[in-house]
Ligand code: GLV
Ligand code: MN
Ligand code: MN
């Protein structure tokens with residue numbers, strides 16, 4: 001068993017990397033901070049005599065046992081963050097995977113299947129815009145040529161960023177050999193809501209991940225003077241944008257879905273000028289795929305209608321969409337039972353587990369988050385609950401690979 005203090009010791013070694021003055025984290029893929037996080041992972045893995053290898057997409061794997069024997073049990077998560085994100089989203093799963101291996105070894109367990117800890121590249125899509133970038137590439141869900149051309153906010157392509165980090169982007173793409181080695185994936189993650197806090201339970205199991213996606217909205221109008229242009233003469237894309245944000249919120253509420261516009265860019269972004277363009281990103285999620293499609297279509301129609309009234313144009317382009325994923329029922333039921341009847345939860349957040357689930361038997365564990373807040377500095381979990389999460393993960397890995 002891992003004690004809270006032992007969890008905290010390893011946890012604290014990662015905490016300074018990428019911490020911002022507001023207490024949040026900025027760990028964008030292939031940045032200097034990301035490279036430092038990767039180095040931290042490799043050192044921790046080598047300290048444990050795990051064998052580290054990566055794929056051409058920057059995903060890292062640390063193995064206890066030889067994965068080429070097949071039917072491997074993989075755990076882990078991601079180390080990248082959203083801008084000003086919390087400390088736990090992603091890293092908790094990586095730290096817990098390493099510590100769960102310590103627990104099994106200290107118990108003298110001898111795995112009959114290889115056990116690995118993974119770090120997936122850019123789960124958040126914060127730099128290059130596509131969520132679960134590394135796992136999508138690995139599984140063949142994303143065309144490597146399209147991926148190589150993705151650009152960050154400074155116009156740097158993924159290929160250039162990898163090259164600058166000393167990694168050859170020619171290796172991007174599906175890795176059938178590696179996928180064939182995997183039998184099971186179990187991702188541990190901070191809960192991104194308050195269900196476990198309300199149920200007074202430290203650890204839960206995922207049932208399903210909501211379908212979700214990102215759409216880019218471009219509202220274009222006529223740039224003009226803020227003081228001299230009569231109100232009736234304006235073609236102001238800011239109005240179309242503002243109306244569309246309100247409409248998305250309303251349409252989501254009507255459907256029991258979620259719609260968020262958390263990122264926008266105004267051109268030219270001047271106080272005394274009507275903008276020529278507002279670009280914004282819609283994040284939409286719903287309990288089922290029909291609901292998501294209906295929500296997105298409703299937002300498209302409302303944006304177009306309003307553009308007609310404003311004399312502007314509204315364009316909406318899909319950037320990435322993830323289908324609804326139900327995690328393996330047999331495995332989640334077995335995990336819930338072996339953890340003494342752990343609660344089974346839905347996830348409105350996306351995860352690499354959702355991508356892997358289309359290829360290998362996949363499960364997720366959640367650790368209680370007392371604030372319920374995520375993708376923000378206030379994201380929290382106690383050391384006691386995190387240690388409970390590690391011990392639960394160790395138990396799951398033992399059941400899968402050591403029994
Ligand atoms: C990732 O955390 C997402 O759900 O966007
Ligand atoms: Mn996240
Ligand atoms: Mn995450």
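Values in this text are rule-based calculations from the coordinates and carry no lab data. Here the structure is a predicted model, which is why all the values come from computation and not from measurement. We place every Cβ from the backbone using ideal geometry, glycine too, and count neighbours over all the protein chains shown.
Does residue 116 fit the bill of being part of a loop (DSSP other than H, G, I, E, B), under 28 Å from residue 361 (Cα atoms), touching a strand residue (DSSP E or B) at 6+ places or on another chain (Cβ under 9 Å) and touching a residue at least 40 places away in the same chain (Cβ under 8 Å)? When the stated conditions are applied, residue 116 does not pass them.
Looking at the structure I just gave you, is residue 161 out of contact with any helix residue (DSSP H, G or I) (no Cβ under 8 Å at 6 or more places or on another chain) and part of a helix (DSSP H, G or I)? Yes; evaluated as a whole, the condition is true for this residue.
Matching residues to (1) within 15 Å of ligand 3 (Cβ to nearest atom); (2) surrounded by fewer than 23 Cβ atoms within 10 Å (Cβ to Cβ):
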{"position": "334", "(1), (2)": "no, yes"}
{"position": "337", "(1), (2)": "no, yes"}
{"position": "341", "(1), (2)": "no, yes"}
{"position": "346", "(1), (2)": "no, yes"}
{"position": "355", "(1), (2)": "yes, no"}
{"position": "359", "(1), (2)": "no, yes"}
{"position": "368", "(1), (2)": "no, no"}
{"position": "375", "(1), (2)": "yes, yes"}
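In the stretch 226-259, which residues are assigned to a loop (DSSP other than H, G, I, E, B) and touching a helix residue (DSSP H, G or I) at 6+ places or on another chain (Cβ under 7 Å)? Result: 235, 236, 257. Of the residues making up the stretch 379-403, those that are under 29 Å from residue 323 (Cα atoms) and either within 16 Å of ligand 2 (Cβ to nearest atom) or assigned to a loop (DSSP other than H, G, I, E, B) (or both) are 379, 380, 381.
With respect to (1) within 16 Å of ligand 1 (Cβ to nearest atom); (2) at negative phi; (3) buried (at least 18 other Cβ atoms within 10 Å of the Cβ), the lone exception for residue 391 is condition (1). If the condition is being more than 12 Å from ligand 1 (Cβ to nearest atom), surrounded by 24 or more Cβ atoms within 10 Å (Cβ to Cβ) and part of a loop (DSSP other than H, G, I, E, B), then the stretch 64-101 contributes only 79. Go through (1) in contact (Cβ under 8 Å) with a residue 24 or more places away in the chain; (2) part of a helix (DSSP H, G or I); (3) touching a helix residue (DSSP H, G or I) at 6+ places or on another chain (Cβ under 6 Å) for residue 122 and report which single condition fails. Unmet for residue 122, out of (1) in contact (Cβ under 8 Å) with a residue 24 or more places away in the chain; (2) part of a helix (DSSP H, G or I); (3) touching a helix residue (DSSP H, G or I) at 6+ places or on another chain (Cβ under 6 Å): (2).
Residues in the stretch 102-112: is at least one surrounded by fewer than 24 Cβ atoms within 10 Å (Cβ to Cβ), on the phi > 0 side of the Ramachandran plot and part of a loop (DSSP other than H, G, I, E, B)? Looking for residues that are surrounded by fewer than 24 Cβ atoms within 10 Å (Cβ to Cβ), on the phi > 0 side of the Ramachandran plot and part of a loop (DSSP other than H, G, I, E, B), one finds at least one in the stretch 102-112, hence yes. Just so you know, in the stretch 214-245 the residues that are within 30 Å of residue 358 (Cα to Cα) and more than 16 Å from ligand 3 (Cβ to nearest atom) include one that is surrounded by the most Cβ atoms within 10 Å (Cβ to Cβ), and it is 217.
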